[in-house]
1. Residues Ser194, Ser138: which one is near the ligand (Cβ under 10 Å from one of its atoms) and on the phi > 0 side of the Ramachandran plot?
2. In the list Ser18, Ser72, Ser13, which residue meets the criterion of being at negative phi and in a helix (DSSP H, G or I)?
3. Of the conditions (1) within 12 Å of the ligand (Cβ to nearest atom); (2) more than 22 Å from Val42 (Cβ to Cβ); (3) at pLDDT 95 or above, Lys178 clears all except one; give me its number.
4. Residues of segment 57-78 being hydrophobic (A, V, I, L, M, F, W, C), within 27 Å of Val129 (Cα to Cα) and in contact (Cβ under 8 Å) with a residue 24 or more places away in the chain, which ones?
5. Within segment 151-199, which residues are in a helix (DSSP H, G or I) and hydroxyl-bearing (Ser, Thr, Tyr)?
6. Out of Ile205, Ile212, Ile220, Ile197, which single residue is in contact (Cβ under 8 Å) with a residue 12 or more places away in the chain, farther than 21 Å from Arg157 by Cα and among the hydrophobic types (A, V, I, L, M, F, W, C)?
7. I'd like to verify a number: residues in segment 183-202 that are surrounded by 15 or more Cβ atoms within 10 Å (Cβ to Cβ) and either out of contact with any Ser or Thr (no Cβ under 6 Å at 6 or more places or on another chain) or hydrophobic (A, V, I, L, M, F, W, C) (or both), how many?
Amino acid sequence: MKQKIIVAIDGPSSSGKSTIAKLVAKHFNFTYIDSGSIYRAVTYLAIKNKLIKTGKIDVVSLIDLLNNCSISFSFNLNNQNVIKLNNLSIDKEIRTSEISNYVSLVAEINEIRKYVLKIQKDISYNKSVVMDGRDIGSVVFPNADFKFFLDASLDIRTSRRWNELKLIEKDLKFEEVKKDLLNRDEKDTSRKFSPLIKSKDSILIDSDELDITEVVDKIIDIIKKEITNK
Ligand code: CDP
């Protein structure tokens, strides 16, 4: 078996990427990396320092701030990443709907993407990883050993995300979540740098009719077949 395997999982918001990526990584004992959490951490920093005003980001100050702080990962017992800002976990803080509302605005800035790309490459150096995001198979790891593109209809994705967020934000409405997903999909697919696209060589999995275990089993089967033949 090859020493280092890269599995890229891309797709729109709430298509199940992170849940599935975690389980696939656990099965093979690979490291799971949630690339969206890095963009969320940068957004958290921008909001905390009031660098987003009336929909505009003070990019120069944000880059300056990033150069003077550290965004890093530690790994829990399941080999999953826990994101840290200046060595403090911000894993919970980055999942709010406020961060979700602004993250795509931050993620379309090329300087920010370059900053995040370096973290993605550094963290994957010398290990087998399952990384999920929007541009993993197209830009971050165009030569990934396996590329999957997960999709599901907007309503299914909205109910998944709403059920998750309702636990921490009780008053949140289904329609608000739907609007956020639509806005983000639109921004993520139409941006100039590293848009969300299905690369030609990725395997499309539509999870509307499949539950998590079925998707995970499908991906594990594909990987197993390939690596045992090598
Ligand atoms: O959890 P969800 O799928 O909604 O989003 P996420 O994976 O946490 O990513 C949050 C946002 O970061 C996305 O909507 C994108 O704007 C951006 N992102 C990106 O541009 N490229 C990536 N590789 C990962 C995330």
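The values are calculated or read from the model by the stated rules, or taken from the named source; none is laboratory data. On a predicted model such as this, the values are computed, not experimentally measured, just so you know. In this analysis, Cβ positions are derived from the backbone assuming ideal geometry, glycine residues included, and neighbour counts consider all displayed protein chains.
1. Ser194
2. Ser18
3. Among (1) within 12 Å of the ligand (Cβ to nearest atom); (2) more than 22 Å from Val42 (Cβ to Cβ); (3) at pLDDT 95 or above, the lone unmet condition for Lys178 is (1).
4. Leu66, Cys69, Ile71, Phe73, Phe75
5. Initially, segment 151-199 is screened for residues in a helix (DSSP H, G or I), giving 154-165, 174-190.
Hits for segment 151-199 are Thr158, Ser159, Thr189, Ser190.
6. Of the residues listed, the single one that is in contact (Cβ under 8 Å) with a residue 12 or more places away in the chain, farther than 21 Å from Arg157 by Cα and among the hydrophobic types (A, V, I, L, M, F, W, C) is Ile220.
7. Residues that pass the stated criteria total 8.
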